[in-house]
Amino acid sequence: MIPILIYTLCFLTCSGCAVLLWRGFRKTRYRLLLWSSLCFLILGIANLLLFADLVLYPGSSLLVLRNCVTLVAILVLLVGLVFESQ
């Protein structure tokens, strides 16, 4: 029961951050907030994959897929930081 609660809270935290960053972007049009919200949205998807991997399908391993999704999230944030620094 505790792992399900923890994974759910992790997903809700990432989703909440994504929503708050998106609202900030819509209000200020500061594009770094857009890149950050996309990063947190993708990290939320990675948290859903973690939940699926460890709770729903404990016999299979989604490690490679989870790591690829997390890598995409970090690359989105990195691209946003590079583009917005110029």
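Residue-wise test of (1) in contact with a Leu (Cβ under 6 Å, 6 or more places away or on another chain); (2) modelled with pLDDT of 95 or more.
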site: Ala18; (1), (2): yes, yes
site: Leu21; (1), (2): yes, yes
site: Thr28; (1), (2): no, yes
site: Ser36; (1), (2): yes, yes
site: Ser85; (1), (2): no, no
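Listed by first and then second residue, the pairs linking a residue in segment 65-84 that is touching a residue at least 40 places away in the same chain (Cβ under 8 Å) to a residue that is among the charged types (D, E, K, R) and in a helix (DSSP H, G or I), with Cβ atoms under 9 Å apart and 6 or more places separating them unless they lie on different chains, are Gly80/Arg31; Phe83/Arg31; Glu84/Arg31.
Is there any pair linking a residue in segment 26-52 that is closer than 10 Å to Ala73 by Cα and touching a residue at least 60 places away in the same chain (Cβ under 8 Å) to one that is part of a helix (DSSP H, G or I) and not charged (D, E, K, R), with Cβ under 8 Å and at least six apart or on different chains, and which? Qualifying pairs under 8 Å: none.
Taking the chain and the helices (runs of 4 or more DSSP H) fully enclosed by it, the elements with 3 or more residues that are surrounded by fewer than 17 Cβ atoms within 10 Å (Cβ to Cβ) and out of contact with any helix residue (DSSP H, G or I) (no Cβ under 9 Å at 6 or more places or on another chain) are at 2-28, 63-85.
The values are calculated or read from the model by the stated rules, or taken from the named source; none is laboratory data. Predicted model only: the values in this text are computed from it and were never measured. Every residue, glycine among them, receives a Cβ derived from its backbone with ideal geometry; neighbour counts consider all protein chains shown.
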